[in-house]
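These notes concern the structure reproduced below.
The values are calculated or read from the model by the stated rules, or taken from the named source; none is laboratory data. As the structure is a prediction and not an experimental result, all values here were calculated from the model. For neighbour counting, all protein chains shown are included, and Cβ atoms are generated from backbone atoms with ideal geometry for every residue, glycine included.
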Amino acid sequence: MEGQVAFSSLNLHPTLVESVGTLGFETPTPIQSQAIPKALEGRDLLACAATGSGKTAAFLLPILHRLLDRPRGTTRALVLAPTRELALQICDDFAGLARGTGLSAATIHGGVAMGPQEKAFRTGVDLLVATPGRLLDHFSRDYARLAGLEYLVLDEADRMLDMGFLPDIRRVLRHVPTPKQTMFFSATMPPPIEKLTREILRNPAKITLQRKAAPAQGVAQWVYPVPSGLRGALLVELLKNGGLDDALVFTRTKHRANRLCKLLGRNGISAERIHGNRSQAQRTKALADFKSGKVRVLVATDIAARGIDVNELGHVVNFDIPGAPEDYIHRVGRTARADATGDAITLVSPEDESDLSRIERALGSKLPRVRLEGFAYDAVPGERLEVPRGERIAAIRAKKAADRGRAAAKAAKKASAEESSGSKRPRRRRFGGRRRS
Ligand code: AMP
C-alpha cells in the first residue's frame, strides 16, 4: 500500500510484530498506521473507520503492547462491542495477535452461562470483550468491579446507538474507574455519538479515514431488478448458474431468513441461518460451517450479521433491500475486507425503488442494473416467503367479517325456525320452574 510503514517500524513489542507476520499481515492498513503510534503515546483515540478497515488490530495491538509491561492477574482492558458475533470475532483476533505473549482474553455476552464468565472476572483475564447488557448483569455482583481497568475501547459505537445500548454504555462507564486511555471506533458519527465522545474522550487524536458513507473500495455493486415473487427463484438461479459460489445473504426478518433457508435447501443448495432467535451455539455453528465451506450460503438478519468476518468472502446478497443506507454500507462491508475484492448484489422489486434511491443518494452514485441471462423473469411467482403485513391484517379482518356474517345468518335462521314452529304449537310457558296445570 502506498505510503505505508512496516509493522516493524511502529515500535510494537517484537512478539507482536512476529504474530502479525504469522497472520500474514504484510503492512499496516491505513487505520493501523495512523492509530497505533497515537495509541502508543497514550492518547485517547477517536477513529471514524468502517468495518473491514483493520480497526480491530488497530486497537488490540497497542493495548497488547501495554499489557506486556506488567505481571498479570488483573483485568486491565475492556472492549465493548454491540453483538455477540463481533465480541467473539474480536476475541478470535486477540488469540491470533497475542500468540506467544501469554496474555488472556474472554468474551462476556448473553445467551450462554454466567459461570465461566464469572471465572474470567475472578481470575482477572487481561482483556474482556463484552456486550453491554451481559456486562451489566455481572456488574450487579461484587466480583465484577474491574477496579484495575486502564484501557477501554468502544467498538462500532454507532451500531450500539442503533441497538439502543447508549444508556447501558453510560451505566458501564459509571461503574468502572476512569480509564487511562479510551479508544472510540465508529463508522459514522451521528450527533448522540459525537456528544458521547465529547463527554468521555480527553483531547483525542482524531482519525478519519473515509467519507461518511462509502463501502470499502474493491466492492463491485450490482442491482438485479426482479418481481417480488421471483426473488427466491432468482437467488436460486444465481447460485446454480449465475457464478455465485457462496454468499452471505441478508433478509429483513428472522422469519424470512428461515423460509429462505428452507427454499434453498429444497433446491439442493446448502444453507444455514443466523438471527436473534437462534441460540448462541446454533449461531456459532452456522458461522463455522459457512467459514469452513460446509454450507454455501449463510442467511442473516442485520443485527446478527454484525461482526461476521469471513476471510475471502466474495459475495454479499441483499435479498431484501436494507431500509437505511448505513445498513447497506455495513452489509456490503462484509465483503472486500482489508483490500480484497468482492461483490454486493441487491435484489430490487418495484416497491423497493425509494429505498434504493436513498442508498444511491448516500453513495453519491447510481448502482448499475443487471439482468441474469436465461432467467425466466415472466415466470409465475412461486411460494411467497412472507405474506406482507397489510395483506395479513386484511385477511384476518375478512375472516372475522365472514365469521360474523355466518353467525348472524345462523341466528336469523334459528329465530325464524322458532317463530314458524311457534305458530303451529303453543310454547310451554314456565313460571317459577313449575308447570301450571
Ligand atoms: P477489521 O476491520 O478489524 O474487522 O478487519 C478486517 C479483516 O482484515 C480481518 O479479517 C483482519 O484479519 C484483516 N486484517 C487486519 N489487518 C490487516 C493487515 N494489516 N493486513 C491484512 N489483513 C488485515
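Take Leu67 and tell me if it is touching a residue at least 24 places away in the same chain (Cβ under 8 Å), in contact with a Pro (Cβ under 9 Å, 6 or more places away or on another chain) and more than 9 Å from the ligand (Cβ to nearest atom).
Taking the combined requirement at face value, the residue does not satisfy it.
For Leu146, state whether it is in a loop (DSSP other than H, G, I, E, B) and either crowded, with 18+ Cβ neighbours inside 10 Å or of a type in the set (Ser, Thr, Tyr) (or both).
yes
With respect to Leu86, is the statement that it is within 14 Å of the ligand (Cβ to nearest atom), modelled with pLDDT of 95 or more and not basic (Lys, Arg) true?
Considered against the rule, which asks whether it is within 14 Å of the ligand (Cβ to nearest atom), modelled with pLDDT of 95 or more and not basic (Lys, Arg), Leu86 comes out as no.
Out of curiosity, is Arg134 surrounded by fewer than 15 Cβ atoms within 10 Å (Cβ to Cβ), touching a residue at least 12 places away in the same chain (Cβ under 8 Å) and not in a loop (DSSP other than H, G, I, E, B)?
no
Give the residues of segment 6-46 that are in contact (Cβ under 8 Å) with a residue 40 or more places away in the chain, within 11 Å of the ligand (Cβ to nearest atom), surrounded by 21 or more Cβ atoms within 10 Å (Cβ to Cβ) and not in a helix (DSSP H, G or I), sorted by residue number.
Thr29, the sole residue that qualifies.
Residue under question is Leu60, and the condition is that it be at pLDDT 95 or above and either more than 14 Å from the ligand (Cβ to nearest atom) or out of contact with any Phe, Trp or Tyr (no Cβ under 7 Å at 6 or more places or on another chain) (or both); does it hold?
no
On the given criteria, is Gly100 within 9 Å of the ligand (Cβ to nearest atom) and either surrounded by fewer than 24 Cβ atoms within 10 Å (Cβ to Cβ) or in the same structural domain as His330 (by TED's automatic domain parsing) (or both)? First the steps, then the outcome.
Values: within 9 Å of the ligand (Cβ to nearest atom): no; either surrounded by fewer than 24 Cβ atoms within 10 Å (Cβ to Cβ) or in the same structural domain as His330 (by TED's automatic domain parsing) (or both): yes.
When the stated conditions are applied, Gly100 does not pass them.
For residues that are farther than 12 Å from Ile207 by Cβ and assigned to a helix (DSSP H, G or I), tally how many sit in segment 47-62.
Within segment 47-62, residues that are farther than 12 Å from Ile207 by Cβ and assigned to a helix (DSSP H, G or I) number 5.
Is it the case that some residue within segment 117-127 is within 28 Å of His65 (Cβ to Cβ), of a type outside the set (A, V, I, L, M), crowded, with 19+ Cβ neighbours inside 10 Å and touching an Asp or Glu at 6+ places or on another chain (Cβ under 6 Å)?
no
From the set of residues in segment 252-296 that are in a helix (DSSP H, G or I) and of a type in the set (A, V, I, L, M), which is surrounded by the fewest Cβ atoms within 10 Å (Cβ to Cβ)?
So the residue we want is Ala281.
Of (1) at pLDDT below 95; (2) crowded, with 20+ Cβ neighbours inside 10 Å, Thr75 satisfies all except one. Which?
(1)
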